[in-house]
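*Asks:* Quick one: the structure is below, questions incoming.
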Amino acid sequence: MSLSLIERLAAADESTRAAYLDALPEDALAAIARGDWRTIARPEQVAPDGDWLAWFIMAGRGFGKTRSGGEWIKERAEHLAGAGVDTPRLALVAPVLDDVRLTMVEGESGLLSILPPSLLRGGSIDSAWNRGPCELYLSNGAFLKGYSSERPGKLRGPQHHAGWVDEPARLKDANLGLDDDTTWSNLLLGLRLPPDPRLCITGTPANNSLVRALVADPQVVRSGGSTYDNLANLAPQFRRTVVERYEGTRLGRQELHAELLDEVGNLFQRGWFTIIDERPTDPGWRWMRAWDLAATEPNDSNPNPDWTAGALVGVHPATRRRCIADVRRFRLSPGARDDRMTAIAEADGLPKVTIAIEPGSGGKAQVDAFKRAWAGRWAVDGRRETGPKEARAEVWAGAAEQGLVSVVRGDWLLDFLDEVEEFPNGAHDDQVDAVSLAWVALGERPPARAARTNPGPAVPRRPAAAAAVRRKG
């Protein structure tokens, strides 16, 4: 673990410390006395030198990422104002707008905790911070504006000198990577104001398209570390209840040590699934189609909404085999969605269909409408989903790890495996939820986990270009 300047001075013997301090100019000594950021920050928390577009602080929980990002934005605003820019424009980007408000600006380590009153317009938070639209004004003319991945189109018009992106792995469209009209692409295209536009990115990684692209980009430099680097400044309870619980687990590798688990997801590995060409037909199999409903088409305010997903799965009690035979997903208006589901039910030829009951009274009314529309044709089993999504997925994750789950080859397969591998940190989990619901409806329970000693060959991820074609098709 590296040490800050203050920590190195404290650890040095008295003669070495005195010699070092005697050689410093007055302004550097004053900075140490004040505890300025660059004197208390660890080297990994300070932007590296060089010609780069983005600096990605990829670190574990509690590392000090928010403080690092806030201090960088503060320094950048002061640098731009000092370079003669009348109104430095800086973007603050997060998964949802409340993340900008509650973490990046108002949080324990957010901007309002590190900006002195002299740097706030009017000398106070009330005169500088406009909470509703997420606008922060500084006394040097800098203007900081908050944006969220819920509405990536809001980033299409504005231009910026710099920006800070917090938790890129959790952006609503992170699974789309570098595709057009995403939060990331719109921010990048607007990062064009001279003299030297740059970004700071702070976050814990997750295995999705955007994070993989950032890690591979030669214009993105990285620093970071683990939760342990800053453990002395965290509550003792955090170590007892969080760190010790997850240390040694795959989730701990990601969340504590900031390891990008490129070869595995948190719960599934794609190599666990056996790919077959046809659905089994022997009479011992029991089949169920289950639906996880959504009724929102993409639009400017929500370009990446949830999908309606329906999974056809089967179990063979005598052999303990499971099969995922078909997964359909689409984004349609409610009427068009219902017509598509009716056509699929006809093609399946099963006597019963399971549909998830969404929270609230509207969910039950929705299922009741299907019961009336399908009366005399198919029985409808409405089920409320309870407990965490991860617990529901355990119904089939254990079987998959033991090599007991086969998947029928189809044009839906790669999109399905991408979502499964990124679960539960991907942008969507509709297909996973549908499979989990189907197996619960068939009476499945989580099996004992046993490591698979001979996993099958991993199906490759869909190439980015091919995925884009499928999404637009």
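The values are calculated or read from the model by the stated rules, or taken from the named source; none is laboratory data. Keep in mind it's a predicted model, so treat the numbers as computed, not measured. Here the Cβ positions follow ideal geometry from the backbone for every residue, glycine too, while neighbour counts run over all protein chains shown.
*Asks:* Would you please name the residue that is surrounded by the most Cβ atoms within 10 Å (Cβ to Cβ), looking only at residues in segment 148-172 that are part of a loop (DSSP other than H, G, I, E, B), under 13 Å from the mean Cα position of the chain (by Cα) and not polar (S, T, N, Q)? Please lay out each step first, then the result.
*Replies:* Of segment 148-172, the ones part of a loop (DSSP other than H, G, I, E, B) are 149-151, 156-161, 167, 171-172.
With the extra rule that they be under 13 Å from the mean Cα position of the chain (by Cα), the set shrinks to 149-150, 167, 171-172.
Going one step further and asking which of them are not polar (S, T, N, Q), we end up with 150, 167, 171-172.
Working: GLU150: 18, GLU167: 22, LEU171: 28, LYS172: 21.
Per the criteria, the residue is LEU171.
*Asks:* Residues being assigned to a loop (DSSP other than H, G, I, E, B) and under 15 Å from ALA290 (Cβ atoms): count how many of those fall in segment 360-385.
*Replies:* First, pick out the residues of segment 360-385 that are assigned to a loop (DSSP other than H, G, I, E, B): 360, 374-378, 385.
Keeping just the survivors that are under 15 Å from ALA290 (Cβ atoms) gives 374, 378, 385.
Residues flagged as assigned to a loop (DSSP other than H, G, I, E, B) and under 15 Å from ALA290 (Cβ atoms) within segment 360-385 amount to 3.
*Asks:* Mind listing just one residue for me: the one in segment 408-426 that is more than 26 Å from ALA169 (Cβ to Cβ) and in contact with a strand residue (DSSP E or B) (Cβ under 9 Å, 6 or more places away or on another chain) and, of those, surrounded by the most Cβ atoms within 10 Å (Cβ to Cβ)? Give the derivation first.
*Replies:* Kept after step one, since they are more than 26 Å from ALA169 (Cβ to Cβ), are these residues of segment 408-426: 408-411.
Within this subset, residues satisfying the condition of being in contact with a strand residue (DSSP E or B) (Cβ under 9 Å, 6 or more places away or on another chain) are 408-410.
Working: VAL408: 18, ARG409: 11, GLY410: 16.
Filtering first and then ranking leaves VAL408.
*Asks:* Determine which member of the set GLU44, GLU7 is closer than 28 Å to GLY163 by Cα, assigned to a helix (DSSP H, G or I), out of contact with any Asp or Glu (no Cβ under 6 Å at 6 or more places or on another chain) and not aromatic (Phe, Trp, Tyr).
*Replies:* Details: GLU7 fails: closer than 28 Å to GLY163 by Cα.
Going through GLU44, GLU7 in turn, just one is closer than 28 Å to GLY163 by Cα, assigned to a helix (DSSP H, G or I), out of contact with any Asp or Glu (no Cβ under 6 Å at 6 or more places or on another chain) and not aromatic (Phe, Trp, Tyr): GLU44.
*Asks:* Something else: Tell me which residues, restricted to segment 104-129, are more than 27 Å from the chain's Cα centre (by Cα) and not in a helix (DSSP H, G or I). Before the answer, list the steps.
*Replies:* First, pick out the residues of segment 104-129 that are more than 27 Å from the chain's Cα centre (by Cα): 115-129.
Matches in segment 104-129: LEU115, PRO116, LEU120, SER124, TRP129.
*Asks:* Okay, next question. Restricting attention to segment 325-352, which residues are among the aliphatic types (A, V, I, L, M), part of a helix (DSSP H, G or I) and touching a strand residue (DSSP E or B) at 6+ places or on another chain (Cβ under 7 Å)? Working first, answer last.
*Replies:* First pass over segment 325-352, keeping only residues among the aliphatic types (A, V, I, L, M): 325, 327, 332, 336, 341, 343-345, 347, 350.
Checking the rest, the ones that are also part of a helix (DSSP H, G or I) come to 336, 341, 343-345, 347.
Answer for segment 325-352, where residues must be among the aliphatic types (A, V, I, L, M), part of a helix (DSSP H, G or I) and touching a strand residue (DSSP E or B) at 6+ places or on another chain (Cβ under 7 Å): MET341, ILE344, ALA345.
*Asks:* Given (1) surrounded by 15 or more Cβ atoms within 10 Å (Cβ to Cβ); (2) over 22 Å from LEU188 (Cβ atoms); (3) free of Cβ contacts under 8 Å to residues at least 24 places away in the same chain, where does ALA81 come up short, assuming only one miss?
*Replies:* Status for ALA81: all satisfied but (3).
*Asks:* Oh, and also: Which of the helices (runs of 4 or more DSSP H) found entirely inside segment 173-291 contain at least 3 residues meeting this: among the polar types (S, T, N, Q) and out of contact with any Cys (no Cβ under 8 Å at 6 or more places or on another chain)? Don't jump to the end; show me each part of the working.
*Replies:* Working: elements: 183-190, 209-216, 250-255.
Helices (runs of 4 or more DSSP H) meeting the threshold: 183-190.
*Asks:* Condition (residue is of a type outside the set (A, V, I, L, M, F, W, C), surrounded by fewer than 19 Cβ atoms within 10 Å (Cβ to Cβ), touching an Asp or Glu at 6+ places or on another chain (Cβ under 7 Å) and in a loop (DSSP other than H, G, I, E, B)) applied to segment 12-22: is it met by at least one residue?
*Replies:* no
*Asks:* If a residue must be assigned to a strand (DSSP E or B) and either over 31 Å from the mean Cα position of the chain (by Cα) or without any contact (Cβ under 8 Å) to a residue 12 or more places away in the chain (or both), how many such residues does segment 315-324 contain? Let's see the steps before the verdict.
*Replies:* Within segment 315-324, the subset assigned to a strand (DSSP E or B) is 315-316, 321-324.
Subsequent filtering for residues that are either over 31 Å from the mean Cα position of the chain (by Cα) or without any contact (Cβ under 8 Å) to a residue 12 or more places away in the chain (or both) retains 315-316, 321.
Residues in segment 315-324 being assigned to a strand (DSSP E or B) and either over 31 Å from the mean Cα position of the chain (by Cα) or without any contact (Cβ under 8 Å) to a residue 12 or more places away in the chain (or both): 3 in total.
*Asks:* If the Cβ limit is 8 Å and pairs must be 6+ apart or interchain, which residue in segment 205-230 that is in the same structural domain as TRP164 (by TED's automatic domain parsing) and modelled with pLDDT of 95 or more pairs with which residue that is β-branched (Val, Ile, Thr) and not in a strand (DSSP E or B)?
*Replies:* Here the result reads ARG222/VAL215, each pair linking segment 205-230 to a residue that is β-branched (Val, Ile, Thr) and not in a strand (DSSP E or B).
*Asks:* Somewhere in segment 369-378, is a residue surrounded by 14 or more Cβ atoms within 10 Å (Cβ to Cβ) and within 30 Å of the chain's Cα centre (by Cα)?
*Replies:* No: segment 369-378 contains no residue that is surrounded by 14 or more Cβ atoms within 10 Å (Cβ to Cβ) and within 30 Å of the chain's Cα centre (by Cα).
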